[in-house]
Amino acid sequence: MAAVFAPPAPGRLRIVPLDDLTLVYDRASGITHVLASPAPEILAALDTPMSADALLQRLAGDFALADDAAPALAARLDELALAGLVERR
């Protein structure tokens, strides 16, 4: 069964764009993360729990993605999950 990724609880993250970077303050951990593209775009697209494949389809509707974008998305989701910014179910 494929993993499902879920956004954190509403209000948990404070997201502030800053030039080419995005600051993400996690109220639960007290940690501020500094993210570069495509991580902020992934967080924005992940508004409900979904599989990596469903998220890839959603992102492909908004961005020009390479044909081999799935492994890169999987790697970014793993990084976001390790940082506690998304939940792997």
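Only the coordinates and a few stated rules stand behind these numbers; no lab work does. As the structure is a prediction and not an experimental result, all values here were calculated from the model. Glycine gets a Cβ as well: all are built from the backbone with ideal geometry, and neighbour counts include every protein chain shown.
At-a-glance table
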read-out: Shape category assigned to the stretch 8-49 from the gyration tensor of Cα positions, a/c cut at 1.5; value: oblate
read-out: Rounded to the nearest 20 debye, dipole of the chain from Cβ charges on Lys, Arg, Asp, Glu; value: 440 debye
read-out: Degrees separating the helix 69-82 axis from the principal Cα axis of the chain, which is the longest one; value: 30 degrees
read-out: Degrees, to the nearest 10: 52-62 long Cα axis against longest axis of the chain; value: 90 degrees
read-out: Taking all pairs of distinct alpha-carbon atoms in the chain, Kirkwood radius in angstrom; value: 13.3 Å
read-out: Mean Cβ count within 10 Å, highest first, over the residues of peptides 9-21, 74-86; value: 74-86, 9-21
